[in-house]
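Working notes, beginning with the structure itself.
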Amino acid sequence: MKKIISMILCGCLAASLLASCGSENGGESTGGNSGGDAVNLKYYFIAKTTNTEDTKEIQEALNEVTKEKINATVELHPLSFNEYPTKMPLMLTTGDDLDIMTSSNFLSYTSVVQTNGVLALEDLLPEAAPELWNMYDQERWDAAKVKGSIYMVPNYDPSVSYPGFWAIGELTEKYDFDWENAESWEDWEPFFDTILEKEDGVTPILSDADYWGRLWFPGYYGYEGVGSVKAPKGQDLVVVKADDPNRKVVAAPFTDEYKETIELTRKWYEKGYFLQTPPTEAEMMSLRSEQKFATFAVPFVGEGDTTAMAASEWGGATILQAKIKGKAPIITTGSATSSGNCVAKASKNPEKALQFIQLLHTDEYIHNLLNFGIEGKHWVWKDEAKKVIQYPEGMDAETCGWVPNTTYQFGNKAALQYFQTEAEVDTSSRVEEAMKSAVYSELMGFVADPEPVKNQLAAISTVCQEYAEPLERGLVDPNDPDKGLAAFQQKLKEAGIDEVVAEFQSQIDAWASENGK
Amino acid sequence: MKKKLHKNTFKTVVTLAFIPICALCLIPLWTLIVASFSTDSDITKYGYLLWPKTFTLEGYSYIFAKPMQILRAYGVTIFVTVVGTVIGVVVMGMFAYTTARRSFRLSKFLGYYAFLTMLFSGGVVPYYIMMTQYLHLKNSVWALILPNLVGPFYIMILRTYYRSLPEGLYEAAKLDGAGEMYIFFKIALPLSVPAIATVALFSMLGFWNDMYQALLFVENQDLYPLQYLLYRITYETGIIQEGAQTVGRTVPYQSVRMAMAMLAMLPIMFSFLFVQKYFVKGITLGGMKGD
């Protein structure tokens, strides 16, 4: 009996030793860091499907190029959407062995910097990766600054958005409505009147109890929100005009624009453009699939492809993306730093790491290799001239062994990436066009610190939920003495909106003078 | 005769009263099974039903789209559960036995040593450093086994149980010439089967359901345990559903989740049947019998 036990214990010990040896060897055999040998970089990123064998093949293909171009090999470490936000901060905090990692919505730039595990790059960048450094406007680098240091190379994935409508194409065609030239909310009124009159049971604008069915979108008036002062699901209410050189902070409910918008919303509500009782989200979804509506007012009509959404959620209708053209699109700190690549402090070769990031921004082959895999195996040309690709015969997104499904993640999407559908070609040229007129927000690089006014913010959020939500959705009369705009403004003052505005104003002024703006 | 009749009526009444209660316990499980065979839109529209409106296997077929992956995950989980439970029970049994023996000088100290870990822990970061930088257990199947091997609470159950055996038993065995090992394996162990079975079941459930270790330490997809793989699939269907516009098809999110719960639950549910007979005995004996 003694023997058996000691054998079991020895077995355990041996096995764990073997396992640990194995992982160590794995790390070093591909590495080697002396003299002219290629250095090894560990690259961590988020990916949906990455089968082990496909990952190996792509890594080999990648290393052929990187060895030649920057004398380095790259070890790919794709992590799934759920493990990335747990594992990465731990790895960064504990100084685990890695060189490059990506930041995106799943693990925000702020939380990455908070781990204190990524390297400040501003001194290294111009030296190690001059091409990358000169590629982008200074405003973009400013946006990535936290307390004066750049910790991330932001990816370039421009998107332009306006508020507007998703409209059902069959209806606009039936009543011959010139939706493309409808430039303001009011231009849509004749169409909605026709719908009310002629289409039984069809609501002009679909709303729901939580969020949908409002017209107040700060971006429409060129405002950028500061410090997210709002109802839990509402719109930003403390804002700065993005092109205001004085960067004056205002509380939106006190502006004329806000008043006009909620009055318009109320008018539309009374005319019956919205359902009188907003349906629950589930009811809204089923109304949507039965097409019992004409349009859907959204804050972010982008330039994306809507065919798939139409098929899955809109009962196969044609979805038009109708913009209400406000001011020129704004590039904000948030949109410029929504994703990027960081270099870990633990990296032994930060210069090489930056050079690899530079390749992600300049090398078409590498960029697409990481996004879509190997030509012939994971994708084939559909139209090589237009750079449109598709899955090979008999393969789709479910069966393909390499579908990271994170096209924003690997560097310069706008310049390098192949298109997955014909529609994207069109979209991308429209985005490019719109980007020419886009303006950088005067607040580029500023991030508000809500800490000093957090008590007021909590109170304001409650007031917004009670007053702003019904007002913005036309459910109450703006002139109502108890629940109208005046009452809302009064309650906001009581909750301390003035202190919040003053606090953010002083933060912005301090930030501006520090950064010589 | 009269007395017996009385007893029988009582039994009948109790049984009748408990049938609906048992049914109430079974209904959630049943609706889960039904939901796993229902279409997504039915679940959204009608909620959880007692019989599927349209019978479908789409939830299961979505999960089994890559059968090798699931089978491998089952393999990992079964390996971890079996090996972990066996080693764990042996280690905990021996530890509890030594701390239960009053004649052993360090028994008190070791008892507290185990107990302290229930109250204090180093936190995630030191734990992570310990596991990866000192023990080098990243991406190893032992990272799934070692951290859950020994539970102080289980040790306490076993220890109380061993304490309940009369000390004289050991002395008698010693007089007859038995060594410590012999006493443990031939005398203490057979007498403590109920307690051991209880602890084994707890520990088995622990290994079967554990996902956290994999989340922290496993990167290699071939080492994913079942629960973690299922968690990952659910999470991704959620993401895909939110971004349905990019994928171009809907995912049966609700039915996938329910099918997943079924797959994760069934095997361990059956194992419960086997250990059940020792179960109650183990807990109550360990807890109540003093000396």
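Extents of chain A, taken as max minus min of Cα coordinates on every principal axis and listed largest first, are 83, 64, 56 Å.
For B:Lys53, which lysines qualify as cross-link partners when the Cα separation must be under 23 Å and same-chain residues fewer than eight apart are set aside? Correct list for B:Lys53: B:Lys45. Computed on protein heavy atoms with a 1.4 Å probe, the accessible areas place B:Tyr46, B:Tyr128 in the order B:Tyr46, B:Tyr128, largest first. Within a straight-line Cα-Cα reach of under 29 Å, B:Lys108 can be paired with the following lysines, leaving aside sequence neighbours fewer than 8 residues apart in one chain: A:Lys2, A:Lys3, B:Lys174, B:Lys186, B:Lys281, B:Lys289. Summarising the strand pairing of the protein assembly as shown, around 65 percent of its internal DSSP beta bridges are antiparallel. In this calculation the C-beta distance from B:Leu50 to A:Val202 is compared with R0 = 35 Å, giving a FRET efficiency of 0.45.
In summary, the convex hull built on the alpha carbon positions of region B:59-285 has an orientation-averaged projected area of 15.4 nm².
Rounded to the nearest 10 square angstrom, B:Leu146 shows an accessible area of 70 square angstrom against a 1.4 Å probe.
Using just its DSSP H runs of length 4 or more, each adding -39500 (n - 2.57), chain B gives a mean residue ellipticity at 222 nm of -23000 deg cm²/dmol after division by all residues. Based on C-alpha pairs under 8 angstrom that are at least 6 apart in sequence, chain A has a relative contact order of 22 percent. For the pair A and B, the buried accessible area comes to roughly 3500 Å² in total, with a 1.4 Å probe and the value rounded to the nearest 100.
What pairs from A:Lys248/A:Lys323; A:Lys259/A:Lys454; A:Lys48/A:Lys233; A:Lys271/A:Lys292 go past 24 Å between their alpha carbons? Table pairs above 24 Å Cα-Cα are A:Lys248/A:Lys323; A:Lys259/A:Lys454; A:Lys48/A:Lys233. Within the shell defined by Cβ-Cβ distances under 12 Å, the residues around A:Ala346 carry a net charge of 0, with Lys and Arg each +1 and Asp and Glu each -1. Once the other residues with Cβ under 13 Å from the Cβ of A:Gly373 are scored (Lys, Arg +1; Asp, Glu -1), what is the net sum? That sum, taken over residues with Cβ under 13 Å, equals -2. When all protein chains stay in place and ligands, DNA and RNA are ignored, the 1.4 Å accessible-area order of B:Phe64, A:Phe356, A:Phe419, largest first, is B:Phe64, A:Phe419, A:Phe356.
Of the GluC sites (Glu not before Pro) found in region A:83-149, the ones in coil according to DSSP and having at most 16 other Cβ atoms within 10 Å of their Cβ are A:Glu122.
The overall shape of region A:155-310, judged from the alpha-carbon gyration tensor, is prolate: a/c is not under 1.5, and a/b is greater than b/c. Short-range pairs are left out: with C-alpha atoms under 8 Å and at least six residues apart, the relative contact order of region B:59-285 is 34 percent. Legend: residues A:Cys400, B:Cys22, sorted from most to least accessible area (1.4 Å probe; ligands, DNA and RNA excluded), read B:Cys22, A:Cys400. Backbone amide hydrogens, once placed in the peptide plane, bring A:Gly164 within less than 5 Å of A:Val298, A:Phe300, A:Val301, A:Ile324, excluding anything fewer than 5 places away on its chain. In the assembled protein chains, A:Trp511 presents an accessible area of approximately 30 Å² (probe radius 1.4 Å).
Surface composition of region B:59-285: carbon plus sulfur atoms hold 69% of the accessible area, using a 1.4 angstrom probe and ignoring ligands, DNA and RNA. Computed per residue of chain A from DSSP H runs no shorter than four, each worth -39500 (n - 2.57), the mean residue ellipticity at 222 nm is -12500 deg cm²/dmol.
Legend: residue pairs A:Lys145/A:Lys491; A:Lys267/A:Lys491; A:Lys352/B:Lys66; A:Lys69/B:Lys138, Cα-Cα distance threshold 28 Å; pairs beyond threshold, A:Lys145/A:Lys491; A:Lys352/B:Lys66; A:Lys69/B:Lys138. Return one number: the angle in degrees, 0 to 90 and rounded to the nearest 10, between the long axis of the Cα atoms of helix B:2-36 and the longest principal axis of the Cα atoms of chain B. Roughly 50 degrees between the two axes.
Note on A:Lys87: aspartates and glutamates with a C-alpha under 12 Å away, same-chain residues under 8 apart excluded, are A:Asp96, B:Glu219.
If you take every residue apart from A:Lys230 with its C-beta less than 11 Å away from the C-beta of A:Lys230, what net charge results, scoring Lys and Arg +1 and Asp and Glu -1? With Lys, Arg at +1 and Asp, Glu at -1, the neighbours total -2. As a test question: what accessible area, to the nearest 10 Å², does A:Asp256 have when a 1.4 Å probe is rolled over all protein chains in place? Approximately 110 Å² for this residue. For B:Leu16 and B:Leu266, the difference between the fully extended length at 0.36 nm per residue and the C-alpha to C-alpha distance is 87.2 nm. Once label points are set 7 Å from the Cα along Cα→Cβ at both B:Lys66 and B:Tyr113, what is their separation, rounded to one decimal in nm? In this crude label model, B:Lys66 to B:Tyr113 measures out at 4.4 nm.
The values are calculated or read from the model by the stated rules, or taken from the named source; none is laboratory data. The structure displayed is predicted, hence computed values, not measured ones. Neighbour counts run over all protein chains shown; Cβ positions are idealised from the backbone, glycine included. The area values use the complete protein model at the heavy-atom level, side chains included, leaving out ligands, DNA and RNA. Shrake-Rupley method; radii C 1.70, N 1.55, O 1.52, S 1.80 Å.
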